[in-house]
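Since the structure comes first, as structure tokens, the remarks are kept for the end.
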Amino acid sequence: MAKGPRYRRSFRRRHEGKTDFHKRLKLLKSRKLRIVIRASNNHVRVQLVQSKLGGDKILISAFSKELTSKYGWNVNTGNIPAAYLTGYLAGLRAKKQNIQEGIFDLGVFYHRNRVLAACKGLIDAGINIPYREEFFPESLEERIKGIHIEDYAKTLKSNAPEIYEQLFSGYLNKNKINPMKISQMITDSSKKIENQI
């Protein structure tokens, strides 16, 4: 490790790889609301944040766990369709409070497809966010609708029924859900979100 008289250690969050302060400063100079999307292995959180001198203020927040308790989503809250629905929920809440625009603050970009699905949900809810068309991959729309889960379930059921039973046991045994009807669940949950907000 460097020890000379001119050596200066970077800020802790920069050193840990959590915050890019140059990027953050550019976002703050835009004076727009920041849309912060963070994904873990099991959940997605979408927040609209207003930056102030005393600290950031969270105006709108949506958490993927809310989908199970309020909007009829009875499966995994860490997958791409759940991320889309969480972004859609946050977008509708923002529209209800007359928030029309924002700018993405993606931070350290982990779980890329889920973050992009949440971004798509916000845009579909009607929030004006600057982005380029190539930002979203072509296959994202299919993955948002859960078609990749349905196709995988169909393939496994026909080729390896034991593995199908094992991998989709949470769907089949615990929640009594057919994994080949995920796209229908997504449309039902999005309608519930629209009706309740």
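Details
- Residue in the range 177-189 that is within 25 Å of Lys18 (Cα to Cα), within 15 Å of the chain's Cα centre (by Cα) and surrounded by 15 or more Cβ atoms within 10 Å (Cβ to Cβ) present: no
- Pair list, Cβ under 7 Å, 6 or more apart: the range 165-185 residue among the hydroxyl-bearing types (Ser, Thr, Tyr), other residue surrounded by 15 or more Cβ atoms within 10 Å (Cβ to Cβ): Tyr171/Val75; Tyr171/Ile177; Tyr171/Pro179; Ser183/Lys145; Ser183/Gly146; Ser183/Ile147; Ser183/Glu150
- Condition check for Ile127: modelled with pLDDT under 90, surrounded by 14 or more Cβ atoms within 10 Å (Cβ to Cβ) and hydrophobic (A, V, I, L, M, F, W, C): no
- Subset of the range 19-62 that is surrounded by fewer than 12 Cβ atoms within 10 Å (Cβ to Cβ), farther than 14 Å from Ala90 by Cα and of a type in the set (A, V, I, L, M) - its residue that is farthest from the chain's Cα centre (by Cα): Leu53
- Residues in the range 40-55 that are in contact with a strand residue (DSSP E or B) (Cβ under 7 Å, 6 or more places away or on another chain) and at pLDDT below 90: Ser51 alone.
- Odd one out for Tyr131 among (1) assigned to a loop (DSSP other than H, G, I, E, B); (2) more than 26 Å from Lys26 (Cβ to Cβ); (3) of a type outside the set (A, V, I, L, M); (4) touching a strand residue (DSSP E or B) at 6+ places or on another chain (Cβ under 8 Å): (2)
- Residue match in the range 78-93 (condition: surrounded by fewer than 18 Cβ atoms within 10 Å (Cβ to Cβ) and more than 12 Å from the chain's Cα centre (by Cα)): no
The values are calculated or read from the model by the stated rules, or taken from the named source; none is laboratory data. Everything numeric in this text was worked out from a predicted model, so none of it was measured. Using ideal geometry, Cβ is built from the backbone for each residue, glycine included, and neighbour counts are taken over all protein chains shown.
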